[in-house]
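Enquirer: Encoded as structure tokens, here's the structure I'll be asking about.
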Amino acid sequence: MRFEQKLQEKPEGLEQISKQFEEYSDLKDISFKDFILESWNFNKLKKMSTSEIIEKLKSMNVDFEIERFKEQAQNYISAIQLAEDHYYTQNFQAQGKDEDFIWLAIIELWKRIIPEKYNMEMIDDLIQDGYDDIENQNYKDGMEKWEKAWNIIVSIVPSHIKSVTDADKFIPVLTQCIFNWCQDFEMELANAALEDASFHQKRIKYCQDFRRFFPYSDKSIIKNMLKAEAESRAELGILKQ
């Protein structure tokens, strides 16, 4: 979905890929460009009001009520799973790409109606948006998003889970697994600290928190976190007590 959304935001890229698709595809009756432009994505839903989203669901014969939705969400940490269990099981009427509207709508409505209840999709958005910021050398915003993602992860993952591998099993639907991302977070904090020394303190705290929440993680990760903390302490001239 992010791929389609980025293509919609970059017409020149869409035009190029569309030509390549038409050149090599035997399905000449399908316009890749039109398919992408007509597809639903998060940006399109963000431009809709809450009432417009709900009315669109109702027009598809999807029964949605805000209070019932709030109750349903209390038992979930994934908006997509909630959509699968309670909305795709209805006798909805959707043609073609409209079927995607349902799960996109549930994700967007969750953000608006119960933003204080965190879910997996919020984590994924923050992580992927953070990668985009870092790619554009915007470390400040990227690290801010990743710090939020980390805080949500440790608030969602049950306290009995003590390794990042088991955390991945509990939150299995992320675009980037926590095992890899947690190491990227440490490294990018180090890169951010090259421009702003205050990130050394954030790096120290993150490494300490990681070892506290996931002490039984892979030994190589724990070792790297200890090393990273020591490096930042040295840069700040802090002796470990």
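Enquirer: To the nearest Å, what is the center-to-center distance of region 144-168 and region 177-196, using C-alpha atoms only?
Expert: For region 144-168 versus region 177-196, the Cα centre distance is 15 Å.
Enquirer: Exposure proxy check: Lys117, Lys58 ranked by fewest other beta carbons within 10 Å?
Expert: By the 10 Å Cβ count, ascending, the order reads Lys58, Lys117.
Enquirer: For region 120-236, what does the alpha-carbon gyration tensor say about shape, rounded, prolate or oblate, given a ≥ b ≥ c as the root eigenvalues, a/c under 1.5 as rounded, and a/b over b/c as prolate?
Expert: In terms of gyration-tensor shape, oblate.
Enquirer: Hey, fewest Cβ within 10 Å first, where do Trp146, Trp110 land in order?
Expert: Trp110, Trp146
Enquirer: Provide His200, His160 in ascending order of the number of other Cβ atoms located within 10 Å of each residue's Cβ, fewest first.
Expert: Ranking His200, His160 by Cβ neighbours within 10 Å, fewest first, gives His160, His200.
Readers should treat all values here as calculations from the given coordinates under stated rules, not as data from a laboratory. Keep in mind that what you see is a predicted model, and the values were worked out from it rather than measured. So basically every Cβ, Gly included, is an ideal-geometry build from the backbone, and we count neighbours across all protein chains shown.
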